[in-house]
Amino acid sequence: MKVIENVAELKSELAKYSSQSVGFVPTMGAIHSGHLSLVERAHKECDVVVVSIFVNPTQFNDKNDLKNYPRQVAEDCKLIESVGADIAFVPTVEQIYPEPDTRIFDFGDIDKGMEGATRPGHFNGVAQVVSRLFDIVKPAKSYFGEKDFQQVAVIFDMVKQLALPVEIVVVPIVREADGVAMSSRNALLTAEHRAAAPDIYKALRWAQEAREAQTEVAPEEMRAEVVRLIEQSGLLKVIYFEMVDARSLAPINSWADSDNIQGCVALQAGAIRLIDNIKLK
Ligand code: AMP
């Protein structure tokens, strides 16, 4: 695997593969099995796999979160190489943003709720960095995790708006054995908060089963119970639990509102913010 830090060098390396399909996995590093499932999938489907490791400052609305974000590039490179990455692109901020990126995207209602409402500017920063990376890498396919459900909707919309010739592939959430969705931020949890974290997936699974049951629970009752189940340890604090149409991300009021409904949660586990989601319909 080649480790490349420079845009010009990456472009000349990729020129060697001009007749082959390039698969691209953008990450912020602190690689775990969730990321590796995206790289494995890209390796199966594409001739050349590029993985970027770049902690993008423009998507952080909280300076402390940016400062504390785990960084371990040497270890990350070994992990991605072991599942078939051909090129690790590890640029500096100056390589990605030689000039400040002042573009403002309009995603309509897609980025107004949930993460968009609680992390102002976050998705604009995601669109800036992903569009910039697509422009450099020019992938045939790019791989994103369903863990970041709203991010996937934003990326689909961005690709449509900019008419980019890239296929977006969505990969299911990879979980720890106890159900906790893998996240680079899990490493920052205290032992106490980590021990409480399985309550998140238990609550989401309860919601999924309750929705599928013959005497299904109304959405508002579901919200109250999911919040109660997640907060029962006294250690986790729910920021939102939204039941939304999986495409428009519009909140639903009744199960009949959509054929495709996702339950999305964000919560505070001490100083660390976590997200998760599950299909409800
Ligand atoms: P990040 O480094 O957190 O920006 O994540 C890079 C990519 O990995 C994104 O597309 C995420 O959605 C995806 N990802 C993160 N965690 C998981 C997970 N537990 N399962 C599947 N994909 C994930």
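Pick from Asp111, Asp76: which is more than 13 Å from the ligand (Cβ to nearest atom) and among the charged types (D, E, K, R)?
Sole residue among the options that is more than 13 Å from the ligand (Cβ to nearest atom) and among the charged types (D, E, K, R): Asp111.
Give me the pairs, please: first residue somewhere in region 207-218 and in a helix (DSSP H, G or I), second residue anywhere and at pLDDT below 90, beta-carbon distance under 7 Å, and either six or more positions apart or on two chains.
Final answer for the pair search is Ala210/Glu216.
Tell me, yes or no, whether region 187-205 has at least one residue that is surrounded by fewer than 18 Cβ atoms within 10 Å (Cβ to Cβ) and within 13 Å of the ligand (Cβ to nearest atom). Explain how you work it out, then say what you get.
Taking region 187-205 first, the residues surrounded by fewer than 18 Cβ atoms within 10 Å (Cβ to Cβ) are 187, 190-192, 195, 198, 202, 205.
Subset that is within 13 Å of the ligand (Cβ to nearest atom): 187.
Yes: region 187-205 contains one or more residues that are surrounded by fewer than 18 Cβ atoms within 10 Å (Cβ to Cβ) and within 13 Å of the ligand (Cβ to nearest atom).
Across region 239-266, what is the number of residues that are in contact with a helix residue (DSSP H, G or I) (Cβ under 9 Å, 6 or more places away or on another chain), of a type in the set (Ser, Thr, Tyr) and in a loop (DSSP other than H, G, I, E, B)?
2
Name the residues in region 215-242 that are of a type in the set (A, V, I, L, M) and touching an Asp or Glu at 6+ places or on another chain (Cβ under 9 Å), would you? Step through it out loud before you land on a result.
Looking only at region 215-242, we keep the residues that are of a type in the set (A, V, I, L, M), and these are 217-218, 222, 224, 226-227, 229-230, 235-236, 238-239.
Val217, Met222, Leu229, Ile230, Leu235, Leu236, Val238, listed by residue number.
Pull up region 99-151, narrow it to residues that are buried (at least 18 other Cβ atoms within 10 Å of the Cβ) and β-branched (Val, Ile, Thr), then point me to the one that is nearest to Leu249 (Cα to Cα).
In this case the residue turns out to be Ile110.
Check whether at least one residue in region 125-138 is touching a Cys at 6+ places or on another chain (Cβ under 8 Å), more than 21 Å from His32 (Cβ to Cβ) and either among the aliphatic types (A, V, I, L, M) or within 11 Å of the ligand (Cβ to nearest atom) (or both), and report yes or no.
Looking only at region 125-138, we keep the residues that are touching a Cys at 6+ places or on another chain (Cβ under 8 Å), and these are none.
The answer is no, given that none of the residues of region 125-138 is touching a Cys at 6+ places or on another chain (Cβ under 8 Å), more than 21 Å from His32 (Cβ to Cβ) and either among the aliphatic types (A, V, I, L, M) or within 11 Å of the ligand (Cβ to nearest atom) (or both).
For Leu10, only one of the following conditions fails: (1) over 30 Å from Arg103 (Cα atoms); (2) away from the ligand (no atom under 16 Å from the Cβ). What is its number?
Evaluating Leu10 over (1) over 30 Å from Arg103 (Cα atoms); (2) away from the ligand (no atom under 16 Å from the Cβ) leaves (1) as the failure.
Against the condition in contact with a Gly (Cβ under 6 Å, 6 or more places away or on another chain) and over 28 Å from Pro70 (Cβ atoms), how does Ala213 come out, does it pass?
Spelling it out, it is not the case that Ala213 is in contact with a Gly (Cβ under 6 Å, 6 or more places away or on another chain) and over 28 Å from Pro70 (Cβ atoms).
I'd like to verify a number: residues in region 118-160 that are at pLDDT 95 or above, over 27 Å from Glu94 (Cβ atoms) and not charged (D, E, K, R), how many?
Of the residues in region 118-160, 7 are at pLDDT 95 or above, over 27 Å from Glu94 (Cβ atoms) and not charged (D, E, K, R).
Among (1) in contact (Cβ under 8 Å) with a residue 60 or more places away in the chain; (2) of a type in the set (Ser, Thr, Tyr); (3) within 27 Å of His122 (Cα to Cα), which single condition is Ser21 missing?
(3) is the only condition that Ser21 fails.
The values are calculated or read from the model by the stated rules, or taken from the named source; none is laboratory data. Every value quoted in this text rests on a predicted model; they were computed, and no experiment measured them. Methodologically, a virtual Cβ is constructed for each residue, glycine included, from the backbone with ideal geometry; neighbour enumeration extends over all protein chains shown.
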